[in-house]
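Asks: This structure is in structure tokens; I'll ask about it shortly.
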There are 2 protein chains.
Amino acid sequence: MCGDKVERLIPGEMEEELLILNEDLKRVISTKINLINSPLKEMISSGGKRLRPALMLACARFGEYDFEKVKPLALAVELIHTATLVHDDIIDDSPLRRGIPSIQSRLGKDVAVFAGDFIFCRVFELLTSLNDFNILRRTSKVMYKICEGEIKQREDLFRTDITFRNYIYRIQRKTALLFGLSCELGALATNAPLKTVRALYGYGIKIGTAFQLIDDLLDVIGDEKNLGKPAGADIREGVVTLPTLYALTYSPKKDELKNILQNKNLTIEDTKKAIKIIKDSGGVEYTVELTKRYIYKAYKFIDILADIPMKKVLKDVADYIYSRNH
Amino acid sequence: MCGDKVERLIPGEMEEELLILNEDLKRVISTKINLINSPLKEMISSGGKRLRPALMLACARFGEYDFEKVKPLALAVELIHTATLVHDDIIDDSPLRRGIPSIQSRLGKDVAVFAGDFIFCRVFELLTSLNDFNILRRTSKVMYKICEGEIKQREDLFRTDITFRNYIYRIQRKTALLFGLSCELGALATNAPLKTVRALYGYGIKIGTAFQLIDDLLDVIGDEKNLGKPAGADIREGVVTLPTLYALTYSPKKDELKNILQNKNLTIEDTKKAIKIIKDSGGVEYTVELTKRYIYKAYKFIDILADIPMKKVLKDVADYIYSRNH
């Protein structure tokens, strides 16, 4: 996601809060264990869009807003996201994260495993200090479901027979639940009415699903310049996403595509061929159309909310997510 | 640790409870994600001494004993231990765990990372269902300190200049804290008096430290038959333990030892040479002596406790841990 664009969506009143959060993130993960202390802080400092905390700060304004109440939760969702990235990079063998060497490439996979665990544990320590079991329960449930989504993605690798439904299930666990949680916790922490809490959770799930749909789409239609990596990474790694699933069902060349996808050592030529079959099948248009439906569902949840200025920000975020499709 | 011996220490009344726990462990980690569902259950079924839950069940008897209250906590400490093993095996590249293929060798490191995370998250879900913030706070604090201990061990790899004090700090985080927590939570859950809770925590820390001291010692003095792996694994992997630290300080051949230890590709001959230098230095006797002091400190905590039959079991466990030194 392009940082400039997101930042333009954030109202001035939230900018300062996000700066405070950045400092607090570093404080929360600080440890006497030197080996990981600086690398984790540098990872935190090196960026990331803080999209989840920003959503939370926005959603919390539909209740009795109190930054001090929301802050630990905003830290928690960003740290859950960070821990997942540390563990993801082990799996993907990624040399870089946010433009600086990843924890696993700096310190080795072994340290990265426990560095991710350390962040997870800090999240729980932070949450247990809040004395709110409802928040704890919601968060812990979402966390294990995110793990299930990550494992599901590995289970589905190189499988060309997964259903559209399975794919949506997987991306909702992997990505959308944390968006939903971020929106929901903001509202819960500020005692928003139940109807508002539910609408914001629904909104978060829908834009989170749309976010991942577009992320997966960009891997097919994006170019190296925009993606920061060559297109077709998912195809090469065996991650079968919606545009591909569509082509596997409806393309006249579906058998050829299937053969390509099951090869674990794809050449650049093969990858290009697969991308062409997917594009020709209408899989791109179908994914854009489905994303549009999720954005529309997100709008429906926004409609339920009280009419405060922050409502427009939520709509702008949804529109922004959709606008990434080209 | 030899299973037969531990089991002989467990009074009949606890045997049935441990059987129930075994079934519940499988229930708690069950998931719809097939890829990890069976492997995790098989890992749970394949053994492990359940030393931490057993200690908890014993310690809980110093309060108003109620198995139903203690059970979720006993599940939690065993699962924390299990998650740590899953992540440890990734780091050590272990093909086997408890005689069956490890999760990482069955499913790959990538799945193992998230399988371990999944177990950690289940632990929190389990704990948040208890509505007891004191227990949650204690557990989350211990969990991140365990992570710190694991990372500290990696930080100290191949370092011959760590102090005795650093070593004890490391093994207390890595091992003793979870023993302490197991003892403490049992007592907390059954509303034992604060004095008892503190004494049991102290007891757990001391026997946990002794347990790791002996574990590290056995790597020097054990033989392949008893250890299930060749002796000197720590030396080859760069894990500098107390007997080695002693030799590095007091052996006339400390420079030779230092040179051997800093070589990352040790031959079997080099390893044997290092073991001989360590044994000749008196490092073994010193470690046994220090273990004895920890056992003695554990006794002192037992003395504080009310005079119930379970008191003898705690003493027997301490004696058993010490008895593993040959």
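Asks: Among A:Leu290, A:Leu18, A:Pro230, which residue has its Cα positioned farthest towards the positive end of the charge dipole of segment A:3-323, with +1 placed on the Cβ of Lys and Arg, -1 on the Cβ of Asp and Glu, and the dipole taken about the Cα centre?
Replies: Result: A:Leu290, furthest along the dipole toward the positive end.
Asks: Which links in A:Lys26/B:Lys141; A:Lys145/A:Lys253; A:Lys49/A:Lys315; A:Lys258/B:Lys41; A:Lys41/B:Lys109; B:Lys174/B:Lys292 stretch past 24 Å when you go from one Cα to the other?
Replies: A:Lys145/A:Lys253; A:Lys258/B:Lys41; A:Lys41/B:Lys109
Asks: Then there is this: With +1 assigned to the C-beta of every Lys and Arg and -1 to the C-beta of every Asp and Glu, and no other charges, what is the dipole magnitude of chain B about the Cα centre in debye, to the nearest 20?
Replies: Computed about the Cα centre, the dipole is about 560 debye.
Asks: So, one more: Determine, at each q value in 0.15 (inverse angstroms), the log₁₀ of I(q)/I(0) that the Debye formula gives when each Cα of segment A:3-323 is one equal point scatterer.
Replies: -1.28
Asks: Could I ask something else about it? Quick one: putting +1 on the C-beta of Lys and Arg, -1 on the C-beta of Asp and Glu, what dipole do you get for the protein assembly as shown around its Cα centre, in Debye to the nearest 20?
Replies: Dipole about the Cα centre, nearest 20: 320 debye.
Asks: Based on the alpha carbon coordinates of the protein assembly as shown, what radius of gyration and maximum Cα-Cα distance (Dmax) apply, in Å?
Replies: According to the Cα coordinates of the protein assembly as shown, Rg and Dmax are 26.6, 80 Å.
Asks: Lys/Arg Cβ at +1, Asp/Glu Cβ at -1, dipole of segment B:65-215 taken about the Cα centre: which of B:Thr84, B:Gly202, B:Val70 is farthest positive-ward?
Replies: Checked the options; the winner is B:Gly202.
Asks: Shifting gears a bit: Under a cut-off of 16 Å between alpha-carbon atoms, report the aspartates and glutamates in cross-link reach of A:Lys273, not counting same-chain residues fewer than 8 places apart.
Replies: Cross-link targets: A:Asp219, A:Asp223, A:Asp234, A:Glu237, A:Asp255, A:Glu256.
Asks: Tell me the angle of helix B:268-281 to the major Cα principal axis of chain B, expressed in degrees between 0 and 90 and rounded to the nearest ten.
Replies: Around 80 degrees separate the two axes.
Asks: What list do you get for B:Tyr294, B:Tyr299 if you sort them by fewest beta carbons within 10 Å?
Replies: With the sparsest Cβ surroundings first, the list reads B:Tyr299, B:Tyr294.
Asks: Across peptide B:149-161, what mean number of C-beta atoms from other chains lies inside 10 Å of a residue's C-beta? Provide the component values of the computation, followed by the final result.
Replies: Details: counts 2, 8, 15, 7, 3, 10, 6, 1, 3, 0, 0, 0, 0.
The per-residue average across the peptide is 4.
Asks: Take the alpha-carbon positions of segment B:117-263, form their convex hull, and give its projected area averaged over all directions (one quarter of the hull surface) in nm². Working shown, then result.
Replies: Working: hull surface 42.3 nm².
Mean shadow area of the hull around the Cα atoms is 10.6 nm².
Asks: Hey, another quick one. Could you tell me the ratio Rg/Rh of segment B:49-188? Both radii from Cα atoms, Rh via Kirkwood. Numbers along the way, then the final one.
Replies: On the way: Rg = 16.1 Å, Rh = 16.0 Å.
Result: Rg/Rh = 1.00.
Asks: Give me a single rounded figure for A:135-146: the average over its residues of other chain Cβ atoms within 10 Å of their Cβ. If you can, show how the numbers build up before the last one.
Replies: Details: counts 1, 8, 5, 1, 4, 10, 4, 2, 7, 11, 4, 4.
Taking all residues of A:135-146 together, the mean is 5.
Asks: Mind checking B:120-133 for the average number of partner chain beta-carbons within 10 Å of each residue's beta-carbon?
Replies: Working: counts 9, 13, 4, 3, 13, 9, 1, 4, 12, 4, 1, 3, 1, 7.
Average neighbour count from other chains, rounded to a whole number: 6.
Read-outs: derived from the displayed coordinates by stated rules, not from any lab. The structure presented is a predicted model; accordingly, all values stated were derived computationally and were not measured. Here Cβ is always computed from backbone atoms with ideal geometry, including for glycine, and neighbour counts include all displayed protein chains.
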